[in-house]
Amino acid sequence: MNPINYLYVASLLFTIGAVGVVVRRNAIVVFMCIELMLNAANLAFVTFARINGNLEGQIVAFFTMVIAACEVVIGLAIIVTIYRSRRSASVDDASLLSR
Amino acid sequence: MSSNLIGYLIGLPLFGAAALLLGGRRTNKWGHISATALSASSFALGLKLFNDMLALPTEERAMHQKLFSWIHVGGFQVDAGLLLDQLSICFVLLITGVGTLIHIYSIAYMSHDHDRRRFFAYLNLFISAMLLLVLGDSYLNLYVGWEGVGLASYLLIGFWNQKPAYATAAKKAFVMNRIGDMGLSFAIMISFVTFGAISFDSIKEAAPQASTAALTAIGIMLLVAATGKSAQFPLQAWLGDAMAGPTPVSALIHAATMVTAGVYLITRSNFIFDLAPNAQTAVAAIGAITLLFGALVGTAKDDIKKALAASTMSQIGYMILGAGLGPAGYAFAIMHLLTHGFFKAGMFLGAGSVMHGMNDEVNMRKYGALRKFMPITAITFGLGYLAIIGVPPFAGFYSKDKLIEVALNAGGIKGYLFGGAALLGAAITAFYMSRVVILTFFSQKRWDDNAHPHESPILMWLPMAILAIGSVASGFLFTSGDALKNWLEPVVASHGEGEHAELLPPMTVSVIALTLVAIGVGYAIFKYRAESNPNTPENVSIFTRIARRDLMQDAFNEAVFMRPGQVLTKSLVSIDENVIDGAVGGVGSAAVGSGQLLRKLQTGFVRSYAALMLLGVALLLLAIWVVTQ
Amino acid sequence: MNFVLENIGKTATPEAVQFYIMAPLAIAAALGMLIVKKAVHSAILMAYVMLSLAFFYIAQDAPFLGIVQIVVYTGAVMMLFLFILMLVGVDSKESLVETIKGIRFTAITASLGIGVLLIVLIGKATFGFPANGLESANAGGNVQEIAYKLFSTYVWAFEVVSALLITAALGAMVLAHSQRVTPRATQRELAIRRFRGKSLSDAAGKPAPGVFARYNGVDVPALLPDGSPAVESINETLKARGSVRDPREFSLKEIADFSGNEGEMR
């Protein structure tokens, strides 16, 4: 089996995550899809590390994980704050910037 | 050295015009006096220069004066220079002499007009521009004067511009003159291209080496210029409308001086025309056509000024015909020009006097039997009339008969055509001028009781009298001993180079001419002797109707030039508004419209923004794929 | 465009087997995450995807990362998600009807485009050398090698990322913190309120759930001495969800009916 196949899997996961961001209305599910996209990228990095034979890819994947963790923390705090003031967790309700 | 004084001829009236125009209303009290005085001093200076010229031997009579170096661009060098030679001095004396007399006349004629000062300023401006025209030593200097007289004519025709019809007449004159001016511009340009210089002396020397085609082109262009300024066919329609100006203007500009500028131009360019026979034939043909045209129009006009204007058109046709007949004809054209200046100006002043006495009425149908009430006017007018129809020993007889002779002697079919036209014109001239005189001064009294015809004041009849003396005596003076012909010979080479054989002996020609004149006069007397109808008759023949409408020239001009021109203008305006402004405005509305469209993207939903970003990423990847193909 | 012919090396057979089983499942789980209505189900499926990714990492000679993935992502991050879901509404259902016109079509078209293009582009990419594998790079053990790299070449990034972590924690505290609007009542004030209130019936505090009833779950209201449910003991959230149960289910009489022992105390 060709290690490239991992890259195909990563692309598919990325695409699915992208669709999820656009299609789902619940803010938390949207966030989970974003995490999915980040994970797909991580998979790609690790695969590249394996193909190239050095550890740079793994280091980058490591940093990506850390950053993703920070992002989750802040993002969920924001969702909680919005939920507290608006009593709704739907992304469609925050549409005051329309024309 | 008297050549240093030439510039003053132009400068004195120019100074007068500037002083009166810039001084404004402060100069109202004495403006007319100063203008007349400056014009008279120009005349005095002209006399002095003439005197000096007489004392010089023939070869040295041409005096040059360089005022300043004007244009110095690469190979094109033009100085503001003046040339006073035998031809110019004739014109100088005519312009300043008749001009001064008309200034004196205007003091009385315009005494009730509170714009009198402006009138005199324009008159002085005209005198100086006309003098510049005849004194310029190159075509470009002549052009400056040419434009100047066009401007002065416009200002003076539209002097009473409160009336829109008069302002339109001034515009018409200016526009038609402009067409002629284009001809002069082209002539200057072609001369520069052909000869590299545009002064008369240098072209005179270089002319024999140029190609006939170039010379013919220059000649035709000069002819176009002359037809514009001198109201020849096909640019003659403005002269009748120009009678909207005050009568002194008609007398000075549209009888004696400005309209003769075309004749001056052709005569001055004799070295070109003599080498381009086709152009010369064209000149003669235009002259012949116009003299008949003007005569025919004059027979049907009831407005005394318009009848005299048609007569001017016809007489200038004679002069142009003479100038188009080569060295044999130039001198006689100039002679007719000078005598015409006397009698036509005199007749115009007389018409002004009649109008003054009849409360500014111009319709001859309302005159009649005025000789009893305005005797001096009648006598001076009558002398001018006798001169114009060519009765010996008055001035017109000598000049016109000589012209008919030269026309007949032109040889071949040309001789028959031009000579025949000139003779026919003489007959018709006799008829319509007699008609004018009979309707005005003889026949029955046709005016109603609130007209009180009276003689004019002395300031008006004195110039008329002086001009009448000129009408009587000048012809004899010019012809005795071939005085004028010999005087002009160094300029126009009128010593009979290439003179053709005489078709008829001069005596025969005179007899034929006088017979025709008598027939014309007799017919007019017969028709109008007992005229008592004060209204214009309506059921007249088709010819009279056509003649009343200027032989349909205005109708033709309107249909062929004016209406298509208006259509073109309107279409250009609509293109400008709809296409160009529309495009500009369209850009604006397109921007607004696209802005409205793009507004719809701002939905406020985060998801739609995310969808757009996805779309962008997809397009980016597509681009990468395409590039790496 | 080559899918399999591009030979940059072959993996060992066990890895191939693992891949061909887990990859389709992971993709199916991701799709499921997209489609299911309840948010909690999405979270569970997400956790499954994380786990399979951890397997992939370990299979590709990145054991450290695999364990970190399980510990951090599946452990901490997904737990965080579930906590927040609990706060926001575990049962919150989302209707699958789309409200914004054209979004579904745009999203599916764009993502299909992205997917296809990515796969095509990856297929065309050439690496120019056979896959090396990480045997040499992991010579001193994966963790040690990563540690060497992390603390020498990437130490600056490491420090910055740690600062970022601290900032994130502070940020979360600031955002989730709710400010008291009124000053906190001290114990003395609470006591004064109890005894100077409208009536003395509440002075001793209210009975806890289960005191007069036979059930002490939060979803059953407490009973007052006269047997009626205490309104103040009903949990608002559960009431909004409709999960509150009737205390009469647990009355003595029914239990007696059930067990056949009348009036017997347990």
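The numbers here are math on the coordinates, done by the rules we state, and not lab data. Everything numeric here is computed off the predicted structure, so don't read it as measured data. When we count neighbours, we look across all protein chains shown, and the Cβ atoms used for this are built from the backbone with ideal geometry, even at glycine.
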Residue by residue through region B:429-435, what is 3J(HN,Hα) from phi via Karplus (6.51 cos²θ - 1.76 cosθ + 1.60, θ = phi - 60°)? Round to whole Hz and write x for glycine and proline.
4, 4, 4, 6, 5, 4, 4
Residues A:Phe62, C:Phe250 in order from fewest to most other beta-carbon atoms within 10 Å are C:Phe250, A:Phe62
Based on alpha-carbon centroids, what's the gap between region B:160-184 and region B:25-93 in Å, whole number please?
28 Å
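Would you order B:Tyr109, C:Tyr154 from fewest to most other beta-carbon atoms within 10 Å of each residue's own beta-carbon?
C:Tyr154, B:Tyr109
What is the sum of charges around B:Phe50, taking Lys and Arg as +1, Asp and Glu as -1, for the other residues whose C-beta is under 15 Å from the C-beta of B:Phe50?
Net charge in that neighbourhood comes out at -1.
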Taking a spot 7 Å from the Cα of B:Thr544 along the direction of its beta carbon, which residues of region B:403-446 have an amide N less than 19 Å from it?
B:428-446
May I ask for the net charge around A:Ile82, where only other residues with Cβ less than 13 Å from the Cβ of A:Ile82 are counted and Lys, Arg are +1 while Asp, Glu are -1?
+1
Nitroxide proxy distance, nm - points 7 Å out along Cα→Cβ at B:Glu502 and A:Asn52
12.1 nm
Counting each pair of different Cα atoms once, what's the Kirkwood radius of chain B in Å, rounded to one decimal?
26.4 Å
Expressed in nanometres to one decimal, the distance between label points 7 Å along Cα→Cβ at B:Val175 and B:Leu459 is 3.7 nm
Put in order of increasing Cβ neighbours within 10 Å, starting from the fewest, B:Asp79, C:Asp246 give C:Asp246, B:Asp79
At 7 Å along Cα-to-Cβ for each site, give me the label-to-label distance between B:Lys204 and C:Glu236 in nm.
12.0 nm
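Would you mind calculating the gained length between B:Lys527 and B:Gln566 on full extension (0.36 nm times residue separation, minus the Cα-Cα distance), in nm to one decimal?
Going from the current span to full extension adds 9.7 nm.
Can you check what the Kirkwood hydrodynamic radius comes to for region B:483-621, Cα pairs only, in Å to one decimal?
26.2 Å
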Taking 45 Å as R0, compute the FRET efficiency from the Cβ-Cβ separation of B:Ala55 and B:Ser111 and round it to 0.05.
0.60
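Filter the cross-link list B:Lys163/B:Lys570; B:Lys344/B:Lys400; B:Lys301/B:Lys445; B:Lys306/B:Lys344 down to pairs whose alpha-carbon distance in this structure exceeds 21 Å.
Values: B:Lys163/B:Lys570 26 Å; B:Lys344/B:Lys400 14 Å; B:Lys301/B:Lys445 19 Å; B:Lys306/B:Lys344 13 Å.
As for pairs spanning more than 21 Å Cα to Cα, those are B:Lys163/B:Lys570.
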A convex hull over the alpha carbons of region B:557-627 yields, per residue, a volume in Å³ of 115 Å³
Compute the distribution of all C-alpha to C-alpha distances in the protein assembly as shown, in bins of 20 Å from 0, and list the percent of pairs in each, rounded to whole numbers.
11, 27, 12, 6, 11, 19, 11, 3, 0
Amide H neighbours of B:Asp303 under 5 Å, at least 5 residues apart or on other chains, H built in the peptide plane: list them.
B:Met364
Residues whose modelled amide H sits under 5 Å from the amide H of B:Gly81, counting only those 5 or more places away in sequence or on another chain, are B:Leu67, B:Asp137
If you line up the Cα atoms of region B:340-544 on their principal axes, what length do they span on each, largest first, in Å?
62, 43, 22
Estimated vicinal HN-Hα couplings, Hz - region B:409-425 in sequence order (Karplus 6.51, -1.76, 1.60; Gly, Pro = x)
7, 5, x, x, 5, 4, x, 5, 5, 5, x, x, 4, 4, 5, 4, x
Assuming R0 = 56 Å, what is the FRET efficiency of B:Leu151 and B:Asn578, from their Cβ-Cβ distance, to the nearest 0.05?
0.90
Relative contact order of region B:316-448 (C-alpha contacts under 8 Å, at least 6 apart) in percent is 33 percent
Round to a whole angstrom and tell me the spacing of the C-alpha centers of region C:8-84 and region B:255-277.
109 Å
For B:Asn557, what charge total do you get from the other residues with a beta carbon under 11 Å from its beta carbon, if Lys and Arg give +1 and Asp and Glu give -1?
-1
Which whole-number percent is the relative contact order of chain A (Cα, under 8 Å, 6+ apart)?
28 percent
If r is the Cβ-Cβ distance from B:Ile413 to B:Ala555 and R0 is 41 Å, what FRET efficiency results, to the nearest 0.05?
0.80
